[in-house]
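**Student:** For reference, the structure I am asking about is given below.
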Amino acid sequence: MAVKEGLLVNAGHGLDYDNIKQFCRISGVNEFNIGFSIIAKSIFIGLEMAVKNMKELISES
């Protein structure tokens, strides 16, 4: 409905490695704010690997 009204739709706050695939399936979303999740995961596996893992999840959707 928001897209039909000409609004840009952005999503964030709570997106993570477990739920990003479901959100990527929502059409019309302009941007996903996933930075916090990536930075939090990078503490354990490094930033390069955290970004790579997220990109893989997004491309699978």
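None of the figures in this text is laboratory data; all of them are computed from the coordinates on show. As the structure is a prediction and not an experimental result, all values here were calculated from the model. All Cβ positions, even for glycine, are placed from backbone atoms using ideal geometry, and neighbour counts span all protein chains on display.
**Student:** Would you pick out the residues in region 2-32 that are in contact with a Leu (Cβ under 7 Å, 6 or more places away or on another chain) and either surrounded by 15 or more Cβ atoms within 10 Å (Cβ to Cβ) or in a loop (DSSP other than H, G, I, E, B) (or both)?
**Tutor:** Residues satisfying the conditions are Tyr17, Ile20, Phe23, Phe32.
**Student:** Looking only at region 1-20, count every residue that is in contact with a helix residue (DSSP H, G or I) (Cβ under 6 Å, 6 or more places away or on another chain) and not aliphatic (A, V, I, L, M) and tell me the total.
**Tutor:** Looking only at that region, the number is 1.
**Student:** Against the definition (on the phi > 0 side of the Ramachandran plot and without any contact (Cβ under 8 Å) to a residue 12 or more places away in the chain), how does Gly6 come out, yes or no?
**Tutor:** Yes, satisfied.
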